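Encoded as structure tokens, the structure appears first; notes follow it.
Rule-based calculations on the coordinates, nothing more; no lab input. Keep in mind that this is a model prediction, so the values were computed, not measured. A quick note on method: Cβ atoms are made from the backbone with ideal geometry, for glycine too, and the neighbour counts reach across all protein chains shown.
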Amino acid sequence: MREAVLIVPCFNESARLREAEFLALARDARLSLLFVDDGSTDRTAERLEALVGQSDGRAMLCRLARNSGKAEAVRQGLLCAIGEGATIVGYTDADLSTPAGELARLVNEIRSRPVQVLMGSRVRLLGSEITRRPVRHYLGRIFATGASLALGLAAYDTQCGAKLFRVTPILRAALERPFTSRWAFDVELLGRLLPRDGRPGYAAEDFVEVPLLRWSDVKGSKLDAFAAARAGLDLVRIAWGVRRGRRKRPGGSTPEAP
Ligand SMILES: Nc1nc2c(ncn2[C@@H]2O[C@H](COP(=O)(O)OP(=O)(O)O)[C@@H](O)[C@H]2O)c(=O)[nH]1
Ligand SMILES: [Mg+2]
């Protein structure tokens, strides 16, 4: 396994999987791919096995016996990569919404910058191609603004599927327990990386967002209206936890409310 490992959670992705693009990405000399098949019931596992077979050892497959959701699949993948000695880990979506070329660019960026967390950010700027359905864009902006307020971190886009992390004791501690939210787990993870419950964490300058030059909303999303509403409720709960954790002093005591 290489120094940098990108986790790709997959659940019933057989119709969307673009093998050739993943293989081209894995050929990037300093990056490995770890696909996590999350109990798919279509031909995903079979297609991933074939992909891994063609990758000259640059792609791996981890299979979970039953569907546990994106959050747990990502966590299991990250733990596996860390256990194998990766020093940079990250995750991205199986539909390549963040295109392979952009993923390679993000990995190069985190190598060359003194940061702990690097997140792709979908900012529509002249000269970039960020294609997203208007309803998802506006709902996403509301969610991201709430997430940024909840975390006390000026993040523009907490929900972009592409994120990279340097492997440190703080990251290991953040991954110890399963996430409680299935779709807002990115926010939960960022919250766990901040100082909390008297434990050390990253400062704002340890995080960086990199505006993507290309991103597109690929059809076939599994995030339906019910899941989106659920993610909104999860965000409120996560915000509450982050705020409570921040008020705790080293040693575990919570100061009295003023
Ligand atoms: N492991 C796992 N991954 C999932 C599940 N549902 C979605 N994903 C993955 O999460 C990523 C994004 O999914 P997608 O449906 O495109 O959601 P969206 O882009 O946020 O609308 C893809 O890699 C999916 O395969 C699930 O139940 N388990
Ligand atoms: Mg998608």
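Within the same chain, lysines fewer than 8 places from K163 are excluded, and of the rest, those with a Cα less than 24 Å from its Cα are K70, K219, K222.
Quick one: length gained pulling E3 to W240 fully straight, 0.36 nm per residue minus the C-alpha distance? Don't skip to the answer; put the middle values down first.
Values: separation 237, 0.36 × 237 = 85.32 nm, distance 3.57 nm.
This chain segment gains 81.8 nm when fully extended.
Can you give the Kirkwood hydrodynamic radius of the chain from its Cα pairs, in Å with one decimal?
On the way: mean 1/r = 0.0533 Å⁻¹.
Computed over Cα pairs of the chain, the Kirkwood hydrodynamic radius comes out at 18.7 Å.
In order along segment 79-84, phi translates into HN-Hα couplings of 4, 5, 5, 5, x, 8 Hz, rounded to whole numbers, per the Karplus curve 6.51 cos²θ - 1.76 cosθ + 1.60 with θ = phi - 60° and x for Gly and Pro. Our helix-only sum for the chain, with -39,500 (n - 2.57) per DSSP H run of n ≥ 4 divided by its residues, gives a mean residue ellipticity at 222 nm of -12500 deg cm²/dmol.
Backbone geometry of segment 117-122 corresponds, through the Karplus equation with coefficients 6.51, -1.76 and 1.60 at θ = phi - 60°, to 3J(HN,Hα) couplings of 9, 10, 10, x, 9, 8 Hz, x marking Gly and Pro. A cut-off of 5 Å between modelled amide H atoms, ignoring neighbours fewer than 5 places along the same chain, links R214 with E129.
Max-minus-min Cα coordinates of segment 26-159 on each principal axis give 40, 36, 29 Å, with the largest extent listed first. The distance between label points at E205 and Y156 comes to 2.1 nm (points 7 Å beyond Cα on the Cα→Cβ vector).
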